[in-house]
1. Cut-off under 16 Å on the C-alpha distance; same-chain residues fewer than 8 positions from LYS7 excluded. Which aspartates and glutamates are left, in chain and number order?
2. Please give the charge dipole size of the chain, origin at the Cα centre, charges +1 on K and R Cβ atoms and -1 on D and E Cβ atoms. Round to the nearest 20 debye.
3. Could you provide, to the nearest whole Å², the per residue accessible area of the chain with probe 1.4 Å?
4. With the contact rule set at Cα under 8 Å and sequence spacing of 6 or more, what percent relative contact order holds for the chain?
5. May I ask for the angle, rounded to the nearest 10°, between helix 26-40 and the longest principal axis of the chain, with both axes built from Cα atoms and the value confined to 0 to 90°?
6. Just to confirm a number: summing +1 for Lys and Arg and -1 for Asp and Glu over residues other than MET49 whose beta-carbon lies under 13 angstrom from that of MET49, what do you get?
7. Once the dipole of region 1-80 is set up with Lys and Arg at +1 and Asp and Glu at -1 on Cβ about the Cα centre, which of PHE43, GLY70, ALA56 lies farthest towards its positive end?
Amino acid sequence: MATREPKRAVVIGINSYKGDGELRGCIADADMVTEWLVRHYEFNPGSVMRIVNDSATGPAIRAAMESLFGGASAGDLLVMAFSGHGTLIKEEK
């Protein structure tokens, strides 16, 4: 039986967008956050899920978040970091 990691992270970096313009540095941001977590907060590299560019689809991000937060226990350290374009979606009533 695998041991559950008490320190887990999802790190997302998106430089390439269809029709919304390219960004520079978002994948580098994701790499730096990942390195920071491993080096300074002693995260196991295998417990940091890195999702970049075309892999960062809505379903992939939702699945990663469910994996990150699902089964969390008191005392766990969970991190979600995003670097990319943002948007506003009005709340459905």
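The values are calculated or read from the model by the stated rules, or taken from the named source; none is laboratory data. Nothing here was measured: the structure is a model prediction, and the numbers come from that model. Every residue, glycine among them, receives a Cβ derived from its backbone with ideal geometry; neighbour counts consider all protein chains shown. Quick note on the areas: whole protein, heavy atoms, side chains included, nothing else; ligands and nucleic acids left out. Shrake-Rupley method; radii C 1.70, N 1.55, O 1.52, S 1.80 Å.
1. Leaving aside aspartates and glutamates fewer than 8 places away in the same chain, those within reach of LYS7 are GLU35, GLU42, GLU66, ASP76.
2. Working: 10 positive and 12 negative charges, 25 e Å.
The dipole of the chain has a size of about 120 debye.
3. On the way: 6720 Å² over 93 residues.
I get 72 Å² per residue for this part.
4. Working: 118 pairs, mean separation 42.2, N = 93.
With pairs under 8 Å counted, the relative contact order is 45 percent.
5. For helix 26-40, the angle is close to 10 degrees.
6. Details: positive: LYS7, ARG8, ARG50, ARG62; negative: GLU5, GLU66.
Computed value for this residue: +2.
7. The Cα lying farthest towards the positive end belongs to GLY70.
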